[in-house]
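Peer 1: Provided herewith is a single structure, encoded as structure tokens, for subsequent inquiry.
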Amino acid sequence: MIKKLSSGPYLFWIAMFVVIPILMVFGFSMITTNSDGSWQITFSNFTRAFDPIYIAVLARSLKIAVEATLICFFIGYPMAMILAKMNVRFRTFAVMMFVVPMWMNFLLRTYAWMTILGKNGVLNGILSFLGLPQVQFLYSEGAVLLGMVYNFLPFMVLPIYTVLTKMDQSLIEAAEDLGGNKKIVFLKVIFPLSVPGILSGVSMVFMPAVSTFVISNLLYGGQYMLIGNLIEQQFLVINDWNFGSAVAMILMLLILVSMAIMNRVGGDNPEERGVNLW
Amino acid sequence: MVGKWIKRLYTLIIFGFLYAPIAVLAVFSFNDSKSTAKWEGFTLDWYQSLFQNDYIMKSLYYTVLVAVVASAVATVIGTFAAFGIFYMKTWKQKAILNVNSLPILNPDIVTGISLMTLFVALNMELGLMTMIIAHVTFCIPYVVLSVLPKFKQMPSEMLEAALDLGATPFYAFRKVIYPEIKPGIITGALIAFTLSIDDFVISFFNTGNGVSNLSIAIYSMARRGIKPEINALSTLMFITVLILLLVLNKRTKIEEI
Amino acid sequence: MKKVLSLVLLVALMGTLFTGCKKDDQVVLNVYNWGDYIDEDIFDIFEEETGIKVNYETYATNEEMYTKIKKGGTQYDIAIPSDYMIEKMIKEDLVEPIDLTKIPNYANIDTRFKNLAFDPNNAYSVPYFWGTVGIIYNTNIITEPVDSWNVLWDEKYAGQFTMVDSQRDSIMVALKKLGYSMNTKSVAELEAARDVLIEQKPNVLAYVGDNVKDMLISEETAMAVVWSGEASTVIQEYDNFEYALPKEGSNIWFDNVVIPKGAKNIDAAHQFVDFLCRGDIGFKNADYVGYATCNTETMKLLDPALMGTTYAYPDDALLENFEIFSDPGDFITEYDRVWTELKAK
């Protein structure tokens with residue numbers, strides 16, 4: 001009984017503030033409004049979204065998001081392990097210090113990166129001090145990835161760190177007792193047990209990364225349009241909520257499907273999986 | 001112990017990466033120029049004018065208020081939700097987790113505008129209340145995603161055992177489940193607070209009547225140039241948080257999170 | 001930890017309760033403005049003189065402001081949109097008429113800025129600031145004088161300049177370079193503009209949203225397409241910059257004060273508009289914001305050195321081919337298509 005009741009407020013909240021708005025967005029995507037204010041039901045917003053131009057925009061966004069997620073994972077996992085193994089007394093502090101930079105405003109932090117990476121920036125200053133040639137860091141895909149990894153890294157590290165702490169030590173000890181060396185214990189015991197945390201981390205990095213665009217606007221100098229730009233522009237500049245909604249719906253479906261596939265590939269034992277989406 | 005040194009070096013590099021921009025913005029809070037790009041000399045002017053700027057101070061107040069309330073509400077709702085979801089039938093669980101991820105993957109503008117449309121349709125006046133509701137909405141999914149893996153990790157019969165032994169459900173939750181999932185709750189709350197304090201688009205469309213947070217103030221002054229007062233404010237915020245953490249760390253000694 | 005948290009929560013909640021208690025009889029005026037676009041000290045003067053308290057909120061773009069006012073759910077008594085947006089809001093019945101008889105200081109507004117096409121009789125809006133779009137350049141790096149958009153297509157300056165990351169403004173540059181109207185409704189002209197923008201793209205350092213001033217000051221870029229107000233801020237602090245008004249023409253813009261539909265305090269709003277039109281208040285704003293005022297009384301108080309500068313009060317002769325943006329209506333989808341084609345490449 002308590003098990004059922006406990007998710008009650010959540011279900012209500014989600015129904016009210018997530019499902020209803022999404023249904024509204026779906027509604028917007030299915031109509032077109034004429035200039036005289038009348039409207040009709042149509043599929044044209046969806047067919048329009050399959051124009052090669054928009055596909056190119058979507059493909060670029062997905063590519064950058066996947067790259068950022070992978071980098072976050074490879075940098076974040078060791079960090080999460082280090083944090084989890086820290087002295088308990090120091091750990092709380094270290095974890096807090098990990099998120100505190102994110103409490104400073106996003107725009108300020110990104111501008112600060114521009115000051116660091118710029119032509120006459122801090123990094124080039126160091127390079128020339130060392131007698132090395134200047135490098136154009138800004139306005140490259142590398143700069144965008146750096147910005148994304150910077151902003152999303154804590155969302156990868158924290159969930160992995162959480163599952164790594166308090167992981168059933170007896171299992172690990174048993175494995176070690178049975179003669180497994182460190183590498184085998186990690187690959188066969190620790191890593192599989194941390195999969196739920198990894199999946200949470202990947203969701204929290206990949207999904208928002210697909211739709212952000214401000215980082216790319218600033219660090220790539222607005223050279224390319226990403227799917228988030230496209231949607232924002234439809235909603236604000238063009239005031240075509242219908243097409244904007246259609247693109248958002250397609251994006252949603254696409255990501256849910258790809259996450260489902262990832263989960264299927266992610267582990268063969270269904271009990272082990274964390275946040276299965278399908 | 002080479003391993004230990006590699007670990008230390010790695011930690012140092014990562015923290016250096018995280019704090020490099022913070023150092024830059026702190027340095028420029030002392031810059032004697034409106035620009036935050038070129039060093040023109042030392043000044044404390046921005047700290048002084050910060051406290052005379054009512055709009056920034058008011059925005060700071062709302063930012064903290066909304067972040068504290070929204071992350072607290074989201075953490076409570078999300079934690080109990082994870083508890084319920086964990087014991088659901090598989091198909092139900094999957095369906096709900098799909099819905100749960102919608103606010104995460106939806107572009108902010110879509111979430112912001114659709115929520116605004118809903119509030120207006122419900123005849124709610126946009127302001128503090130609607131902003132808090134909007135923040136709770138986009139924070140909850142992250143809390144669920146943080147807490148749920150801890151349930152998956154928990155020995156599955158623990159709750160049953162406690163209940164069989166005569167514990168009331170509330171007692172069982174507090175004494176048996178809570179200690180197990182606590183790290184998940186804390187990370188969930190941290191993530192929620194972080195997201196709330198930094199949100200612009202959703203806040204913008206779901207507030208009104210003079211309630212605005214720091215992000216709204218900062219984004220709207222961006223075209224004219226972000227005032228160095230904001231750098232000063234960020235520096236002060238950072239120092240405050242740091243001192244608070246140090247004090248708490250000293251006082252709570254060994255607190256397991 | 002828990003105790004600290006609950007304490008913080010309690011304090012926060014108490015705070016809301018207290019701010020919630022306002023004197024009922026006091027009129028509160030909701031002012032909605034661009035960020036950092038008014039001297040906030042004048043709110044205190046206004047309250048002192050009239051007893052009306054100002055509740056201040058900001059936005060970053062015309063479009064964001066429009067979306068919020070159109071959707072409702074809030075009551076703003078004052079907003080400050082730009083020309084084309086005013087035209088659109090009048091068309092969509094989103095602004096209240098302004099009774100100019102209640103605004104005696106309207107007489108201070110320069111007649112040049114009255115009765116413009118976007119609001120032919122000033123029935124809905126009163127001029128606030130105006131300016132242009134042009135090219136700012138660092139004279140230490142760009143040594144020859146700039147007077148035409150063509151420099152942005154000069155191979156010599158590849159990678160040394162930035163464009164504006166906004167559809168209409170960047171397409172405007174291309175249209176003007178080609179000698180077309182920036183309010184064109186011809187698809188062929190738009191596509192010609194797109195083609196020159198695509199040709200230019202490899203040479204553009206960046207399409208910049210809003211941090212262009214810092215980029216100029218740190219010499220990240222040597223030249224940029226900017227609004228005159230930004231140019232004025234940079235030039236007044238650093239003397240190695242010049243602001244050029246291209247001879248092919250460009251955009252001249254106006255930000256006017258309006259009373260949005262749904263305003264609760266229409267009388268107080270009129271009082272506030274009149275207050276803004278006062279010479280001394282106009283001066284405080286112009287001095288703080290650094291943009292060009294529309295107020296003749298304010299002009300008299302300003303530093304005479306500003307007169308005749310390209311970035312503040314240029315000679316009329318330089319503005320010959322300049323145009324005001326008009327609301328393109330549904331044709332905006334064509335602009336969007338062209339822009340997407342440029343950005344998707």
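The values are calculated or read from the model by the stated rules, or taken from the named source; none is laboratory data. This is a predicted model, so every value here is computed, not measured. Every residue, glycine among them, receives a Cβ derived from its backbone with ideal geometry; neighbour counts consider all protein chains shown.
Peer 1: Which of (1) within 13 Å of chain C (Cβ to nearest Cβ); (2) touching a Ser or Thr at 6+ places or on another chain (Cβ under 7 Å) is the odd one out, the single condition B:Asp198 does not satisfy?
Peer 2: Unmet for B:Asp198, out of (1) within 13 Å of chain C (Cβ to nearest Cβ); (2) touching a Ser or Thr at 6+ places or on another chain (Cβ under 7 Å): (1).
Peer 1: If you don't mind, there's one more thing I want to ask. Within segment B:95-110, track down each residue that is more than 7 Å from chain A (Cβ to nearest Cβ) and under 13 Å from B:Ala134 (Cβ atoms).
Peer 2: If the condition is that a residue be more than 7 Å from chain A (Cβ to nearest Cβ) and under 13 Å from B:Ala134 (Cβ atoms), then B:Asp108 is the only one that fits.
Peer 1: So, in segment B:196-226, exactly how many residues are in contact with a helix residue (DSSP H, G or I) (Cβ under 7 Å, 6 or more places away or on another chain), surrounded by fewer than 24 Cβ atoms within 10 Å (Cβ to Cβ) and assigned to a helix (DSSP H, G or I)?
Peer 2: 2
Peer 1: Pairs please, first residue from segment C:51-79 and at positive phi, second anywhere and among the acidic types (Asp, Glu), Cβ atoms under 8 Å, 6+ apart in sequence or on different chains.
Peer 2: Final answer for the pair search is C:Gly73/B:Glu125.
So that you can scan it fast, the table gives a plain yes or no per residue for (1) facing another protein chain (nearest Cβ under 8 Å); (2) surrounded by fewer than 24 Cβ atoms within 10 Å (Cβ to Cβ); (3) under 30 Å from B:Ser212 (Cβ atoms):
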{"position": "B:Ile140", "(1), (2), (3)": "yes, no, yes"}
{"position": "B:Val143", "(1), (2), (3)": "no, no, yes"}
{"position": "B:Ser146", "(1), (2), (3)": "yes, no, yes"}
{"position": "B:Glu157", "(1), (2), (3)": "no, yes, no"}
{"position": "B:Ala162", "(1), (2), (3)": "no, yes, no"}
{"position": "B:Ile177", "(1), (2), (3)": "no, yes, no"}
{"position": "B:Glu180", "(1), (2), (3)": "yes, yes, no"}
{"position": "B:Gly184", "(1), (2), (3)": "yes, no, no"}
{"position": "B:Gly188", "(1), (2), (3)": "no, no, yes"}
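Peer 1: Looking only at segment A:108-122, filter to residues that are crowded, with 21+ Cβ neighbours inside 10 Å and hydrophobic (A, V, I, L, M, F, W, C); which one of those is nearest to the other protein chains (Cβ to nearest Cβ)? Lay out the reasoning, then the answer.
Peer 2: Step one: list which residues in segment A:108-122 are crowded, with 21+ Cβ neighbours inside 10 Å, which gives A:108-109, A:111-115, A:117-118, A:121.
Filter once more, so that each one left must be hydrophobic (A, V, I, L, M, F, W, C): A:108, A:112-114, A:117.
Numbers: A:Leu108: 5, A:Ala112: 3, A:Trp113: 5, A:Met114: 7, A:Leu117: 10 Å.
Taking the candidates together, the pick is A:Ala112.
Peer 1: Let me ask something else. State which residue is surrounded by the fewest Cβ atoms within 10 Å (Cβ to Cβ) when the search covers only segment C:29-74 and only residues that are touching a Gly at 6+ places or on another chain (Cβ under 7 Å) and over 20 Å from C:Leu276 (Cα atoms).
Peer 2: Taking segment C:29-74 and keeping what is touching a Gly at 6+ places or on another chain (Cβ under 7 Å), we get C:30, C:55-58, C:60, C:72-74.
With the extra rule that they be over 20 Å from C:Leu276 (Cα atoms), the set shrinks to C:60, C:72-74.
Working: C:Ala60: 21, C:Gly72: 18, C:Gly73: 24, C:Thr74: 23.
Applying the filter and picking the extreme gives C:Gly72.
Yes/no matrix, rows are residues, columns are (1) within 14 Å of chain A (Cβ to nearest Cβ); (2) surrounded by 21 or more Cβ atoms within 10 Å (Cβ to Cβ); (3) assigned to a loop (DSSP other than H, G, I, E, B); (4) of a type outside the set (Asp, Glu):
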| position | (1), (2), (3), (4) |
| --- | --- |
| C:Leu216 | yes, yes, no, yes |
| C:Thr221 | yes, yes, yes, yes |
| C:Val225 | yes, yes, no, yes |
| C:Ser232 | no, yes, no, yes |
| C:Asp239 | no, no, yes, no |
| C:Tyr243 | no, yes, no, yes |
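Peer 1: Limited to segment A:174-189, what total is found for residues that are surrounded by 18 or more Cβ atoms within 10 Å (Cβ to Cβ) and within 14 Å of another protein chain (Cβ to nearest Cβ)?
Peer 2: 1
One line per residue, one yes/no per condition, for (1) among the β-branched types (Val, Ile, Thr); (2) over 24 Å from the mean Cα position of the chain (by Cα):
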| site | (1), (2) |
| --- | --- |
| B:Val2 | yes, yes |
| B:Ile6 | yes, yes |
| B:Leu18 | no, no |
| B:Val24 | yes, no |
| B:Phe30 | no, yes |
| B:Ser33 | no, yes |
| B:Ala37 | no, yes |
| B:Thr43 | yes, yes |
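Peer 1: Now for a separate question. Applying the selection to segment A:190-231, what residues are more than 9 Å from chain C (Cβ to nearest Cβ), over 18 Å from the mean Cα position of the chain (by Cα) and not hydroxyl-bearing (Ser, Thr, Tyr)?
Peer 2: Within segment A:190-231, A:Ile190, A:Phe191, A:Pro192, A:Leu193 meet the criteria.
Peer 1: List the residue pairs whose Cβ atoms are under 7 Å apart, where the first residue sits in segment B:35-58 and is within 15 Å of B:Asn213 (Cα to Cα) and facing chain C (nearest Cβ under 10 Å), the second is in a loop (DSSP other than H, G, I, E, B) and among the acidic types (Asp, Glu), and the two are 6 or more positions apart or on different chains.
Peer 2: B:Asp54/C:Glu40; B:Tyr55/C:Glu40
Peer 1: For B:Asn209, work out the one condition from (1) touching a residue at least 60 places away in the same chain (Cβ under 8 Å); (2) within 14 Å of chain C (Cβ to nearest Cβ); (3) at negative phi it doesn't fulfil.
Peer 2: In the conditions (1) touching a residue at least 60 places away in the same chain (Cβ under 8 Å); (2) within 14 Å of chain C (Cβ to nearest Cβ); (3) at negative phi, B:Asn209 misses (3) alone.
Peer 1: Identify, from the list A:Phe50, A:Phe74, the residue that is more than 14 Å from chain B (Cβ to nearest Cβ) and at pLDDT 90 or above.
Peer 2: On inspection, the qualifying residue turns out to be A:Phe50.
Peer 1: List pairs: first in segment B:221-236 and over 15 Å from B:Ile22 (Cβ atoms), second outside any helix (DSSP H, G or I), Cβ under 6 Å, 6+ apart or cross-chain?
Peer 2: B:Met221/C:Gly35; B:Met221/C:Asp36; B:Ala222/C:Asp210; B:Arg223/C:Asp210; B:Arg224/C:Asp36; B:Glu229/B:Asn53
Peer 1: Now for a separate question. B:Ala121 is checked against (1) under 18 Å from C:Lys71 (Cα atoms); (2) facing chain A (nearest Cβ under 10 Å); (3) under 26 Å from the mean Cα position of the chain (by Cα) and fails just one. What number does that condition carry?
Peer 2: Just one mismatch for B:Ala121, condition (3).
Peer 1: Additional query: Is one or more of the residues making up segment B:77-90 in contact (Cβ under 8 Å) with a residue 12 or more places away in the chain and within 30 Å of C:Gln236 (Cβ to Cβ)? Break it down stepwise before answering.
Peer 2: The first filter runs over segment B:77-90 and keeps only residues in contact (Cβ under 8 Å) with a residue 12 or more places away in the chain, leaving B:77-79, B:81-83, B:85-86.
If we keep only those that are within 30 Å of C:Gln236 (Cβ to Cβ) as well, we get none.
Checked against the condition, which is being in contact (Cβ under 8 Å) with a residue 12 or more places away in the chain and within 30 Å of C:Gln236 (Cβ to Cβ), segment B:77-90 yields no hits at all.
Peer 1: Within segment A:232-243, work out how many residues are in a loop (DSSP other than H, G, I, E, B), more than 7 Å from chain C (Cβ to nearest Cβ) and in contact with a Gly (Cβ under 9 Å, 6 or more places away or on another chain).
Peer 2: Residues in segment A:232-243 being in a loop (DSSP other than H, G, I, E, B), more than 7 Å from chain C (Cβ to nearest Cβ) and in contact with a Gly (Cβ under 9 Å, 6 or more places away or on another chain): 0 in total.
Peer 1: Follow-up. Could you figure out which of (1) closer than 20 Å to C:Ile45 by Cα; (2) at pLDDT 95 or above; (3) not small (Gly, Ala, Ser) isn't true of C:Trp253?
Peer 2: (1)
Peer 1: Could you tell me how many of the residues in segment A:93-124 are more than 30 Å from B:Pro183 (Cβ to Cβ) and not in a helix (DSSP H, G or I)?
Peer 2: Total satisfying the criteria: 4.
Peer 1: Specify the residue that is nearest to the other protein chains (Cβ to nearest Cβ); the eligible residues are those in segment C:51-89 that are under 14 Å from the mean Cα position of the chain (by Cα) and among the hydrophobic types (A, V, I, L, M, F, W, C).
Peer 2: The residue in question is C:Ala60.
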